[in-house]
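Here the structure comes first, spelled out in structure tokens, and everything after it is commentary.
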Amino acid sequence: MAAALAAGRAAWRLSGDVPVGAVLLDPIGQIVARAGNQRELTGDPTAHAEIVALRQGAAQAGRWRLDGHCLVVTLEPCAMCAGAAVAARLSRIVYGADDAKAGAIASLWDVVRDPRLPHRLEVTGGIRAEACAEQLANFFAARRRED
């Protein structure tokens with residue numbers, strides 16, 4: 001989670017994006033991709049940290065199926081990112097802070113464990129939740145001061 005938090009801080013510092021960070025671990029636990037949100041940097045509404053990390057990981061693996069991989073992210077994934085994790089056939093998602101407004105793993109929906117889908121993931125939430133939530137709170141407090 002420390003690497004994901006650092007990726008989120010980098011996204012904030014480099015492009016002013018919401019400081020969500022993600023890392024992708026291969027089946028033996030090595031980091032194969034890391035990313036922060038890149039929506040502001042790229043102008044791409046789909047450039048959430050999770051999507052960017054999945055794209056990097058698939059490119060590194062040379063395939064779209066990421067069986068055995070684990071996505072670690074600072075904020076509970078939204079419906080788009082949770083759906084991408086299912087599509088990539090990830091084995092596990094680990095996340096920090098819950099997202100009461102858009103969370104699609106525990107807060108609003110449970111996309112990744114929906115029995116109607118062809119693949120389900122193991123989920124661990126609340127890892128370093130306070131640090132993850134604090135990073136987001138600091139970002140939004142700074143933005144309010146700027147307005």
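For G36, indicate whether it is modelled with pLDDT of 95 or more and buried (at least 24 other Cβ atoms within 10 Å of the Cβ). Outline the logic, then answer.
Numbers: modelled with pLDDT of 95 or more: yes; buried (at least 24 other Cβ atoms within 10 Å of the Cβ): yes.
When the stated conditions are applied, G36 passes them.
Report yes if some residue within segment 71-78 is open to solvent by less than 10 Å² (accessible area, probe 1.4 Å) and among the hydroxyl-bearing types (S, T, Y); otherwise report no.
Yes: one or more hits.
Please go through segment 110-147 and give me each residue that is open to solvent by 50 Å² or more (accessible area, probe 1.4 Å), more than 16 Å from the chain's Cα centre (by Cα) and under 22 Å from A85 (Cα atoms), ordered by number.
Answer for segment 110-147, where residues must be open to solvent by 50 Å² or more (accessible area, probe 1.4 Å), more than 16 Å from the chain's Cα centre (by Cα) and under 22 Å from A85 (Cα atoms): R113, P115, R116, L117, P118, R120.
Would you tally the residues in segment 90-99 being within 19 Å of A53 (Cα to Cα) and either aromatic (F, W, Y) or surrounded by fewer than 19 Cβ atoms within 10 Å (Cβ to Cβ) (or both)?
Number of matching residues: 3.
Of the conditions (1) under 22 Å from P118 (Cβ atoms); (2) open to solvent by 40 Å² or more (accessible area, probe 1.4 Å), D44 fails just one. Which one is it?
Going through the list (1) under 22 Å from P118 (Cβ atoms); (2) open to solvent by 40 Å² or more (accessible area, probe 1.4 Å), D44 breaks only (1).
Going through A82, A61, A87, A102 one at a time, which residue ends up being among the hydrophobic types (A, V, I, L, M, F, W, C) and open to solvent by 40 Å² or more (accessible area, probe 1.4 Å)? Let's see the steps before the verdict.
Numbers: A82 fails: open to solvent by 40 Å² or more (accessible area, probe 1.4 Å); A61 fails: open to solvent by 40 Å² or more (accessible area, probe 1.4 Å); A102 fails: open to solvent by 40 Å² or more (accessible area, probe 1.4 Å).
Sole residue among the options that is among the hydrophobic types (A, V, I, L, M, F, W, C) and open to solvent by 40 Å² or more (accessible area, probe 1.4 Å): A87.
State yes or no: is V18 among the aliphatic types (A, V, I, L, M) and not in a loop (DSSP other than H, G, I, E, B)?
no
Would you call T46 among the hydroxyl-bearing types (S, T, Y) and not in a loop (DSSP other than H, G, I, E, B)?
Spelling it out, it is not the case that T46 is among the hydroxyl-bearing types (S, T, Y) and not in a loop (DSSP other than H, G, I, E, B).
The values are calculated or read from the model by the stated rules, or taken from the named source; none is laboratory data. Every value quoted in this text rests on a predicted model; they were computed, and no experiment measured them. Counting neighbours? That spans all protein chains shown, and the Cβs are built from the backbone with ideal geometry, glycine included. We work out accessible area using only protein heavy atoms, side chains counted, and drop any ligands, DNA or RNA first. Shrake-Rupley method; radii C 1.70, N 1.55, O 1.52, S 1.80 Å.
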